[in-house]
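> One structure follows; several queries about it will come next.
The values are calculated or read from the model by the stated rules, or taken from the named source; none is laboratory data. All of these numbers come straight from a predicted model, not from anything done at the bench. Because the Cβ atoms are built from the backbone with ideal geometry, glycine has one as well, and the counts that use them run over all protein chains shown.
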Amino acid sequence: MNLAEKIEPKIKLDIGCGPNPKDGYIGIDILPFGGKVQHVFNAGTERWPFDDGSVAEIHASHFIEHLEADERIHFVNECYRVLEMGGKVTVVVPHWASARAYGDLTHKWPPVSEFWFYYLDKGWRASNAPHTCIDVLATGYDCDFAATWGYSLHPTLNGRNQEYQQFAMQNYKEAAQDIHATLVKR
């Protein structure tokens, strides 16, 4: 047996994958999609069937916007629980100023905004939002993530210079199409 056979592959999850889980990821969705999903459960309300610290990476594209506020909190808490230290979550959601956020009536209110990612940082919550640190109704945040984010822009902006893109982001409703965030477990 060589060294490569002894090393177990890292667990990677694709939450809300629909019928097309990412290659190399375990597909998770609330629907089985004809057997294409390996784990069928509600990731916004149920405890995930993975051990604490057992997952290296999580991908969630166009999933979180379908969750209610308390389900979003449950989602990030479960991500934090199952991720190994330094593990990352990639989140893609429609930008709140794009029609993409409002066109699908299965999206929940409010749309996800950049400001939400601050709430995923334990230190920021303690200083700026102490009410979220009190688990009054079992819906408080338990996570502690370092978050960074950026945007996918409307295709007509891709060839424009950075100054114009920034101007468009600040002034034009459809300039940003999606928010792409990376959360790293502390």
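> So which residues in the range 78-89 are under 11 Å from the mean Cα position of the chain (by Cα) and either among the basic types (Lys, Arg) or not in a helix (DSSP H, G or I) (or both), if there are any at all?
Within the range 78-89, Lys88, Val89 meet the criteria.
> Sticking with this one: How many of the residues in the range 137-152 are modelled with pLDDT of 95 or more and aliphatic (A, V, I, L, M)?
Number of matching residues: 2.
> Consider Ile134 against the criteria (1) in contact with a Gly (Cβ under 7 Å, 6 or more places away or on another chain); (2) at pLDDT 95 or above: it satisfies all of them except one. Which criterion is unmet?
(2)
Listed here are the residues, each with its yes/no results for (1) under 17 Å from Ile64 (Cα atoms); (2) surrounded by 11 or more Cβ atoms within 10 Å (Cβ to Cβ); (3) not hydroxyl-bearing (Ser, Thr, Tyr).
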{"site": "Leu120", "(1), (2), (3)": "yes, yes, yes"}
{"site": "Ser127", "(1), (2), (3)": "no, no, no"}
{"site": "Cys143", "(1), (2), (3)": "yes, yes, yes"}
{"site": "Ala146", "(1), (2), (3)": "no, yes, yes"}
{"site": "Pro155", "(1), (2), (3)": "no, no, yes"}
{"site": "Phe167", "(1), (2), (3)": "no, yes, yes"}
{"site": "Tyr172", "(1), (2), (3)": "no, yes, no"}
{"site": "Ala175", "(1), (2), (3)": "no, yes, yes"}
{"site": "Ala181", "(1), (2), (3)": "yes, yes, yes"}
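> Okay, moving on. Just to be sure I understand the filter: pairs with C-beta atoms under 9 Å, separated by 6 or more residues or on different chains, first member in the range 173-186 and touching a residue at least 40 places away in the same chain (Cβ under 8 Å) and farther than 14 Å from His154 by Cβ, second member of a type in the set (A, V, I, L, M) and in a loop (DSSP other than H, G, I, E, B). Which pairs pass?
The qualifying pairs are Ala181/Val112.
> Residues in the range 40-64 that are over 10 Å from Glu78 (Cα atoms) and surrounded by 17 or more Cβ atoms within 10 Å (Cβ to Cβ): how many?
8
> What's the total number of residues in the range 32-69 that are touching a Leu at 6+ places or on another chain (Cβ under 8 Å) and farther than 16 Å from Lys12 by Cα?
Number satisfying all stated conditions: 1.
> Also, I was wondering about something else. Suppose we filter Phe33, Phe75, Phe115 for residues that are crowded, with 16+ Cβ neighbours inside 10 Å and not in a strand (DSSP E or B); which single one remains?
Phe75
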